[in-house]
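One structure below.
The values are calculated or read from the model by the stated rules, or taken from the named source; none is laboratory data. The shown structure was predicted, so the numbers you read here are calculated from the model rather than taken from an experiment. Every residue, glycine as well, gets a Cβ built from its backbone with ideal geometry; the counts of neighbours run over all protein chains shown.
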Amino acid sequence: MTNIGVLALQGDVAEHEAMLAASGANPSLVKRADQLHGLDGIIIPGGESTTIGKLLRRFDLLEPLQERVRAGFPIFGTCAGMILLADHVEDAATDQPTIGGMNITVQRNAFGSQRESFETDLRVPSVGDQPLHAVFIRAPLITQVGDDVTVLATLADGRAVAAQQDNLLVASFHPELTDDARLHRYFVDMVSERS
Ligand code: GLN
C-alpha cells in the first residue's frame with residue numbers, strides 16, 4: 001500500500017488524512033523529520049504559509065523536505081502548501097521560509113480582501129469530465145509557469161489554479177474540503193507510479 005504523510009503542523013490535517021484513506025492510501029501524520037522515513041509521498045495542507053514555513057524550520061523539517069524535493073519525492077501542496085513549493089512568491093512576507101522546487105511563481109492572497117473566499121466549479125480534464133468543485137480561502141494564484149510545468153486547471157478567465165511538475169502537484173484551493181477525492185486519487189496514482 002502507498003504510504004503518504006500529511007504535514008501536521010497546521011491546517012486541515014484530518015480532512016487530508018480522510019481523503020487519502022478514501023483514495024486507497026495509507027495516511028500518517030508528520031510532525032518530525034523521522035516520521036518521513038518509509039513514506040512514498042506527502043501532502044502539505046493549506047493554512048498560513050508564513051506560519052507553516054516557520055514551524056518547518058523550528059521542527060527541523062525544512063531541509064529534509066528540500067532534499068526530498070530535489071530527489072524526486074512526490075509532494076502535493078494545497079493553498080499555503082502550494083506557496084511553500086513555489087520557486088518564486090509574490091507578496092511574500094519578509095524572510096518567509098519556503099521549500100521551493102517547483103518552477104512556478106505564485107501570488108499570495110491573490111483575490112484580495114473583498115473576495116477572500118469563494119467556491120467555483122473547475123474543469124480538470126486530468127481527473128475526468130465532471131467539474132471539480134473547488135473551495136478557495138485567501139487563496140494564492142499561479143501567475144507564471146516554467147516550460148516543465150503542466151497546468152491542470154484554470155479559472156474561467158484562464159488564470160492557473162492547479163499544476164504539476166514531475167513529482168510535484170499543487171492546487172490553489174482546498175480539495176480536502178469537499179467530498180470529491182479525485183485530486184487526492186490523482187496524487188496517490190502519481191505516488192504509486194514512482195514508488
Ligand atoms: N493566504 C494564505 C497564505 O498566504 C494561504 C491560505 C490558505 O492556505 N487557505 O499562506
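Tabulated data for the structure shown
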item: Subset of region 135-154 (residues that are more than 16 Å from the ligand (Cβ to nearest atom) and either of a type in the set (Val, Ile, Thr) or surrounded by fewer than 19 Cβ atoms within 10 Å (Cβ to Cβ) (or both)); result: 144, 145, 146, 147, 148, 149, 150, 151, 154
item: Residues of region 55-78 classified as in a helix (DSSP H, G or I) and surrounded by fewer than 22 Cβ atoms within 10 Å (Cβ to Cβ), total; result: 11
item: Segments classed as strands (runs of 3 or more DSSP E), wholly inside region 89-195, with at least 3 members that are under 15 Å from the mean Cα position of the chain (by Cα) and at pLDDT 95 or above; result: 102-107, 132-137, 150-154, 160-165, 168-171
item: The listed residue being touching an Asp or Glu at 6+ places or on another chain (Cβ under 8 Å), farther than 23 Å from residue 141 by Cα and at pLDDT 95 or above, out of 72, 38, 46; result: 72
item: Given (1) crowded, with 20+ Cβ neighbours inside 10 Å; (2) farther than 21 Å from residue 4 by Cα; (3) within 13 Å of the ligand (Cβ to nearest atom), index of the condition residue 97 fails; result: (1)
item: Hey, residue 187 closer than 20 Å to residue 99 by Cβ, touching a Phe, Trp or Tyr at 6+ places or on another chain (Cβ under 6 Å) and crowded, with 16+ Cβ neighbours inside 10 Å or not; result: yes
item: Qualifying residue in region 165-175 (condition: surrounded by fewer than 16 Cβ atoms within 10 Å (Cβ to Cβ) and closer than 22 Å to residue 118 by Cβ); result: no
item: Pick from region 36-54, criterion part of a helix (DSSP H, G or I) and closer than 20 Å to residue 105 by Cα, ranking: nearest to the ligand (Cβ to nearest atom); result: 49
